[in-house]
There are 2 protein chains.
Amino acid sequence: MASIRDVAIKAGVGIGTVSRALNGSGYISDETKQKIMQAVEELNYKPNELAQNLFRNKSGFIGIVVKNLSHPFMASLVKHVENNLYTNGYKCMLCEVGDNPNRIEEFVEMLQRNVMDGIICCADIPSSVSLAEIHRPIVMIDRYVTEGIPCIHSDHKRGGELAAQALLSAGCKNVLYFASSATERGCSMDRYRRFAEVCKQHKCKITAIDAGSKILNFQSGPTIWKKYISHFDGIDGLFTADVTAAACMKMLQKKGIKIPKKLKVVGYDGLDFTRFLTPELTTVCQNVPEIAKRSVDTIIRMIDGKKIEEMEQIVDVTFRKGEST
Amino acid sequence: MASIRDVAIKAGVGIGTVSRALNGSGYISDETKQKIMQAVEELNYKPNELAQNLFRNKSGFIGIVVKNLSHPFMASLVKHVENNLYTNGYKCMLCEVGDNPNRIEEFVEMLQRNVMDGIICCADIPSSVSLAEIHRPIVMIDRYVTEGIPCIHSDHKRGGELAAQALLSAGCKNVLYFASSATERGCSMDRYRRFAEVCKQHKCKITAIDAGSKILNFQSGPTIWKKYISHFDGIDGLFTADVTAAACMKMLQKKGIKIPKKLKVVGYDGLDFTRFLTPELTTVCQNVPEIAKRSVDTIIRMIDGKKIEEMEQIVDVTFRKGEST
């Protein structure tokens, strides 16, 4: 394989000149450029991208951090972030945190070491990591962190309102809100607050349970649910994330509780698979493509050194009526 | 921020010595090493990973290519590949091909330019890309490509057999096999062949439809299904991928066709969401964690220059009885 040295010899110039020509930096006459390009073509020279990026002090990589890729919301987010990064000429590095929050610390360290140009993060930041001191491009999804770090999230407040209205207009008087602590630490807490507010305004009783982050998992659903069955006594409405809603509906139906006749269910997220449930789930849909697009646009503006006008960007949610309300 | 030069000055050695010490290459006395490490600590020096990797001629990145991350099988595969890469000290680069097969070409070019050390690919390779000529580490999942490129896949033959046995033992006499051309080009064609073979041995009529790759998509399911409704006349059994099975069951139920009473359904993949369907789907489960583990083990062996003994690795499938048979 031809090296940069071979190109320089063939073009009759120095290695530095070839490097400058390929990186588009510094002045080089058109005549020299042409000689170099001819040599590159004749020798079929492939520049070493690592070396090029080192020269530019830019890696061309942007990282995306998520908690759990098995969750369809996260998978869809990663898909759309990756697609938007590609469109903008960036490569996508993936970090799935799982049960190992240290991974975020390591990923952020990689950002500091210039392995990446920026990070889009949709996972809780462990207390050991102080993002305020990093001064490198970071965009958070669904979590407020610190001043100077943009946060993009759905209009969870409106989401809570839409869910409450759906249950209230279906005649619910005693509803259950099933939360997972992992997601509720961030801005999605707003969803519950507004949901509870609207319910209370209409004299609807509300019970909230925090089942911990494991509830978001498909596998653990059925077993965890056994723990919470007693909370469903006397309840006529349920609001929870789609995956949890699906697990609940299955369990309730096995106990002979008819949905929506005896109990109305509203999900949150708008995941595709809920269209195939019986009854089809009524749900508040997050606009994942838009969240991904804004995250990528924002991180690229930061990398390019541009000013970020809106430190908080709120993306509209929509209501999808199914058969569970 | 301290540079390698600062470390060299503080340790009283040359930059080359510091570089060799940090990269673990060449002989350096223990005394010198200790001086360097002390300087690194005192100055809180963070080596530039790009520069280090350039020195090692290794990027530390491995790419994973999938067709569509919205598909839960692909999302789970990426999750487990990423987790295994992390455990082995590699970083994960993601490429979601979508409807743009040129992306594979670009990704393979990046492999040639040493941006990555290897690629694990679970997507169809466009004819413009000749992997045989690349001579860089590539592992295929579910697709035979060319000699010298390892292929890891489920025991699709056994999967087809298990599905046929389930439908036959439930009394089916006239079954439908619903395929997507995108997946059938690879080794999963074996699944259909064996399925058909077992059905025919038992005098069970079999109809096969190729609905094209779009059928694998959650969104397009309901609309595409309208096109194929006529094929269900007189059918008493169905074998198809989980996502398609879920879409079919929903459509059939809307038309008043009772499952499993009038029609038995067996899915393929073993996706988590099918546990929440009504009736719960009977399905043949692929062992995604094991496929991911073997892919990563194999690509690392290739990167390390070790010999690959098994060019085809077959991972066991299991049968999960639901309520749809």
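The values are calculated or read from the model by the stated rules, or taken from the named source; none is laboratory data. Computed from a prediction, not measured in an experiment: that's the story for all the values here. Positions of Cβ are backbone-derived with ideal geometry, glycine not excepted, and every protein chain shown enters the neighbour counts. Remember, those area values only see protein heavy atoms, side chains included, never the ligands or the DNA or RNA. Shrake-Rupley method; radii C 1.70, N 1.55, O 1.52, S 1.80 Å.
Within the same chain, lysines fewer than 8 places from A:K35 are excluded, and of the rest, those with a Cα less than 17 Å from its Cα are A:K10, A:K46. Put simply, the amide H of B:D142, placed in the peptide plane, has neighbours under 5 Å in B:I152, B:H153, leaving out anything fewer than 5 places away on its chain.
Label sites at A:I257 and B:T87, each approximated as a point 7 angstrom past Cα along Cα to Cβ, lie 3.8 nm apart. Per residue, the protein assembly as shown exposes an accessible area of 43 Å² to a 1.4 Å probe, with every protein chain left in place.
Rounded to the nearest 100, the interface formed by chains A and B buries 4800 square angstrom of accessible surface, both chains summed, with a 1.4 Å probe.
Rounded to 0.05, the FRET efficiency of the A:H202 and A:I28 pair, given R0 = 56 Å and the Cβ-Cβ distance, is 0.20.
Here the Karplus curve 6.51 cos²θ - 1.76 cosθ + 1.60, taken at θ = phi - 60°, turns the phi angles of the stretch B:115-130 into couplings of 5, 10, 8, x, 9, 9, 10, 10, 7, 5, 7, x, 5, 5, 9, 9 Hz, with x standing for Gly and Pro. Spatial offset of the stretch B:268-282 relative to the stretch A:272-325 amounts to 26 Å, using the alpha carbon center of each. Solvent exposure of B:D304, expressed as accessible area, is near 80 Å², computed with a probe of 1.4 Å over the protein chains only. Computed over protein heavy atoms with a 1.4 angstrom probe, the accessible surface ordering of B:E96, A:E310, largest first, is A:E310, B:E96. Hey, any idea what % of chain A's accessible area is carbon plus sulfur with a 1.4 Å probe? Exposed carbon and sulfur together represent 48 percent of the surface. Taking label positions 7 Å along the Cα-Cβ direction at both A:N174 and A:I229, the computed distance is 1.9 nm, reported to one decimal.
Left without a cysteine partner by the 4.7 Å Cβ rule in chain B: B:C92, B:C95, B:C121, B:C122, B:C151, B:C172, B:C187, B:C248, B:C285. Placing a pseudo-label 7 Å from each Cα along the Cα-to-Cβ vector at A:K58 and B:E133 gives an inter-label distance of 3.2 nm.
Ranked by solvent-accessible area (1.4 Å probe, protein heavy atoms only, all chains present), the residues B:I259, A:I229, A:I141 order from largest to smallest as A:I229, B:I259, A:I141. For chain B, a Gaussian network of Cα nodes joined below 10 Å ranks B:T244, B:T146, B:T274 by mean-square fluctuation, and the top entry is B:T146. Computed over neighbours whose Cβ is under 10 Å from that of A:T17, the net charge equals +3, Lys and Arg +1, Asp and Glu -1.
What is the protein assembly as shown by shape, rounded, prolate or oblate, if you read a ≥ b ≥ c off the alpha carbon gyration tensor as root eigenvalues and call it rounded for a/c under 1.5, prolate for a/b larger than b/c, and oblate otherwise? Oblate. Based on Cα contacts under 8 Å between residues 6+ apart, chain B shows a relative contact order of 17 percent.
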